[in-house]
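Asker: My questions all concern the structure below.
What follows draws every value from the coordinates through simple rules; no lab data is involved. Everything numeric here is computed off the predicted structure, so don't read it as measured data. Note that each Cβ is placed from the backbone with ideal geometry, even for glycine, and that neighbours are counted across all protein chains shown.
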Amino acid sequence: MYKLLTVSLLLITICSRAQSDHPLDAKTLQNDSVILGQIIQPALQTARAQHQEPDWKILRTSIVTRYEARYGDRNVTKAKIYFFYGTDWTQFCAAIVQYTNAYEYKDDFKVMNGNAKMILQHSQNPAEWKAAQSWVKHAVDKLPAEEKYKTTYDALTAKINGQ
């Protein structure tokens with residue numbers, strides 16, 4: 001139950017964020033909420049009950065058929081983050097990097113730092129470490145006095161340098 005609550009909070013945070021250059025508008029947030037409740041959550045529950053991975057192409061098609069194409073990749077990528085959290089860190093990290101690079105609002109430093117910390121903690125992929133480092137470097141450049149962003153940046157830099 002605790003894991004489900006944690007994952008749900010993670011997904012809600014991801015769902016309520018933004019496009020890379022601006023926050024999402026109210027209509028998009030509303031549609032994302034409906035997509036989450038009516039399409040994503042039922043598909044993920046069914047897949048878990050059947051002990052298999054969802055068919056991501058069918059899930060994307062279902063979203064695109066009912067909504068505009070722009071909802072497909074963003075919501076399926078969020079679904080992958082939700083589905084793989086705590087069960088397959090490699091796929092989780094790949095999805096969070098894809099989502100963050102494409103859809104997160106770059107000036108939401110708290111979210112960018114949180115995503116970078118997830119990569120720091122769970123990824124074994126140097127390319128993902130570098131992506132996460134770039135997210136938090138943006139925060140450090142904009143807010144150099146904010147020590148928590150510098151701490152994450154320094155930890156990623158050390159990991160990249162093999163320290």
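Asker: Give the distance, in whole Å, between the Cα centre of the stretch 47-112 and the Cα centre of the stretch 142-161.
Answerer: 26
Asker: Taking the 0 to 90 degree range and rounding to the nearest ten, how far is the long axis of helix 56-66 tilted relative to the main principal axis of the chain, both from C-alpha atoms?
Answerer: The answer is roughly 70 degrees.
Asker: Need one number: nm distance between label points at ASN101 and GLU146, each 7 Å from Cα along Cα→Cβ, rounded to one decimal.
Answerer: 2.3
Asker: In addition: So between ASN125 and ARG66, what do we pick up on full extension, going 0.36 nm a residue minus the alpha carbon distance?
Answerer: 17.7 nm
Asker: Normalised by the number of residues in the chain, what is the relative contact order in percent for Cα pairs under 8 Å and 6+ residues apart?
Answerer: Relative contact order of the chain: 19 percent.
Asker: I've got another one for you. For helix 26-35, report the angle its Cα long axis makes with the longest principal axis of the Cα atoms of the chain; keep it between 0 and 90° and round to the nearest 10°.
Answerer: Approximately 60 degrees, to the nearest ten.
Asker: A further question on this structure: How high is the relative contact order of the stretch 106-163, given as a whole-number percent (alpha carbon pairs under 8 Å, six or more residues apart)?
Answerer: 36
Asker: Which order, highest average first, do 121-133, 50-62 follow once you tally other Cβ atoms within 10 Å for each residue and take the mean per peptide?
Answerer: With the highest mean Cβ count within 10 Å placed first, the list reads 121-133, 50-62.
Asker: For ASN161 and TRP56 in the same chain, what is the full-extension length gain: residue separation times 0.36 nm, less their Cα-Cα distance, in nm?
Answerer: Additional length available on full extension: 34.3 nm.
Asker: With n ≥ 4 as the cut-off for DSSP H runs, can you work out [θ] at 222 nm for the chain, using -39500 (n - 2.57) per run divided by the number of residues, rounded to the nearest 500?
Answerer: -23000 deg cm²/dmol
Asker: Gain in length, GLN45 to ASP108, computed as 0.36 nm per residue apart minus the alpha-carbon separation, to one decimal in nm?
Answerer: Stretched fully, the GLN45-ASP108 segment lengthens by 19.7 nm.
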